[in-house]
Amino acid sequence: MNHSSPDPPETIEPLRYLSKVEAAAIETELLRDYRFGQQQLIEIWGHACAIAITKAFPLTSLNKKQPTVLVVCGPDQNGSIGLVCARHLRIFEYEPTIYYPKRTPQTIHQDFTVQCEKMDIPFLSYLPTEVQLINDAYNLVIDAILGPETDHTDVKEPYAGILATLKQVKIPIASVDMPSGWDVDQASSDGISPEVLISLMAPKRCATRFTGKHYLAGRFLPYDIQKKYDLNLPEYPGTDCLIEL
């Protein structure tokens, strides 16, 4: 009598952590082949980052009387994502302040800046080097400084100084896509130590050693891209645009 053996249990493939090259390739494909606009992607990511902040730091959980948040924006795409995040946080009734020391002349960055200004979000002219002033004024810092495209071995001023200051703050830091100052391809902790990481599309390789609260915002990715790069993204709950890993 022929007993058929039971089907082997389905193995769940692990979530893929992207290298710098892979992350850039996916983004290029989204822009070129799938006709996403750069402004559209930044908007999707910035909105998701703001939602992640509301989950990690609900208004009711903040220690200070005012729901103040400091958003530190770098010169490239991560900085623009920070601007969008700040705008949405303002809509969600937080009180963001933006520090954006080197404004990029590209129209897209200027548009996001104007949107924040029109929402009456204040911009700092300098970052206090006295860390206690930052600890006293804000509930948390959002690190939207250096993204995967940055060479972590060649961080120039004013960003080197900003990272030195943020390494000393006592309030929580939430990093956009990767912690600033880390090597995107390797788990390192040379940079800052955020409590929260919000990975965009898929986590980057450096996040394999991250031990804090980790959110993934990648639900918008077309299925063909997910398959092509074996991303093995988790099931997102309900209609949420992000998931806690």
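The values are calculated or read from the model by the stated rules, or taken from the named source; none is laboratory data. For clarity, every value in this text was computed on a predicted model and none was experimentally measured. Backbone-built Cβ (ideal geometry, glycine too); neighbour counts: all protein chains shown. Side chains are part of the model used for accessible areas, which takes the heavy atoms of the whole protein and leaves out ligands, DNA and RNA. Shrake-Rupley method; radii C 1.70, N 1.55, O 1.52, S 1.80 Å.
Only one of T97, T54 is in contact with a strand residue (DSSP E or B) (Cβ under 7 Å, 6 or more places away or on another chain), at pLDDT 95 or above and either surrounded by fewer than 24 Cβ atoms within 10 Å (Cβ to Cβ) or of a type outside the set (K, R) (or both); which? Selected residue: T97, the only one of T97, T54 that is in contact with a strand residue (DSSP E or B) (Cβ under 7 Å, 6 or more places away or on another chain), at pLDDT 95 or above and either surrounded by fewer than 24 Cβ atoms within 10 Å (Cβ to Cβ) or of a type outside the set (K, R) (or both). Is it the case that segment 218-229 has a residue that's among the hydrophobic types (A, V, I, L, M, F, W, C), open to solvent by less than 10 Å² (accessible area, probe 1.4 Å), in a loop (DSSP other than H, G, I, E, B) and touching a Gly at 6+ places or on another chain (Cβ under 9 Å)? No, segment 218-229 contains no residue that is among the hydrophobic types (A, V, I, L, M, F, W, C), open to solvent by less than 10 Å² (accessible area, probe 1.4 Å), in a loop (DSSP other than H, G, I, E, B) and touching a Gly at 6+ places or on another chain (Cβ under 9 Å). Only residues that are open to solvent by less than 30 Å² (accessible area, probe 1.4 Å) and polar (S, T, N, Q): list them for segment 165-201, please. Across segment 165-201, the qualifying residues are T165, S175, S180, S188, S199. Within segment 4-32, if we keep just the residues that are farther than 16 Å from A202 by Cβ and at pLDDT 95 or above, the residue that is most open to solvent (accessible area, probe 1.4 Å) turns out to be R32. On inspection, K204 does not qualify as of a type outside the set (S, T, N, Q), modelled with pLDDT of 95 or more, open to solvent by 30 Å² or more (accessible area, probe 1.4 Å) and closer than 16 Å to A23 by Cβ. For segment 108-160, the set of residues classified as open to solvent by 40 Å² or more (accessible area, probe 1.4 Å), modelled with pLDDT of 95 or more, out of contact with any helix residue (DSSP H, G or I) (no Cβ under 8 Å at 6 or more places or on another chain) and of a type in the set (S, T, N, Q) consists of Q110, S125, Q132, listed by residue number.
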